[in-house]
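This report concerns only the one structure given below.
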Amino acid sequence: MADYLFVPQNILAKWADQGRVELKGQVLTLVREKKSFQLTTAVRFLKLEAGEDSARLLNKVKTLDALKQMGAEHYRESVILGESAYQVQQGFLADANALRRAAGVAQPPGDKKATGAEKHRQAEKDGEQDLLAQFLLDNLQ
């Protein structure tokens, strides 16, 4: 299963105001590097406003698709699920494995049966993820 890092929307907006990134829909572009990355829109559950946390969502991150599948209603900084109302933080998910590689943390070994072309495509993708990871490590505070 993939591992992701939640990046709050206000942080991305700050970077955009500083001219570091462009965010169009769910595509993040690092301006200086001219590289683009697909992000997944998500929310982080911060506080229970009403009801009980029977779904155990506090301090969790869920994508908008996951909220829809759960039958939750999302509007700005609020999510309602059944009789429970939550305050949420809007943001995006980024691939955390890229962050680990950039930080020098060991990764599980990959598929050793990959062909030359597959290895080349994977190396190219890894390079782009490393670029995103390095940007996030340098700028996420």
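The values are calculated or read from the model by the stated rules, or taken from the named source; none is laboratory data. On a predicted model such as this, the values are computed, not experimentally measured, just so you know. Note that each Cβ is placed from the backbone with ideal geometry, even for glycine, and that neighbours are counted across all protein chains shown.
Report, ordered by the first and then the second residue, all pairs with beta carbons closer than 8 Å, sequence separation of six or more or different chains, a first member in the range 3-21 that is loosely packed, with under 15 Cβ neighbours inside 10 Å, and a second member that is acidic (Asp, Glu) and modelled with pLDDT under 90. Taking only residues 6 or more apart or on different chains, the pairs are Asp3/Asp95. Within the span defined as the range 47-63, every residue fails to be farther than 13 Å from Val79 by Cβ, assigned to a helix (DSSP H, G or I) and modelled with pLDDT of 85 or more.
Please work out which residue is farthest from Gly91 (Cα to Cα), limiting yourself to the range 2-25 and to residues that are of a type in the set (Phe, Trp, Tyr) and under 15 Å from the mean Cα position of the chain (by Cα).
So, considering only residues that are of a type in the set (Phe, Trp, Tyr) and under 15 Å from the mean Cα position of the chain (by Cα), the one farthest from Gly91 (Cα to Cα) is Tyr4.
For the range 1-33, a residue qualifies if it is among the acidic types (Asp, Glu) and assigned to a helix (DSSP H, G or I), and exactly one does: Asp17.
Filtered by the rule that a residue be more than 22 Å from the chain's Cα centre (by Cα) and on the phi > 0 side of the Ramachandran plot, the range 51-68 gives a lone residue, Gly51.
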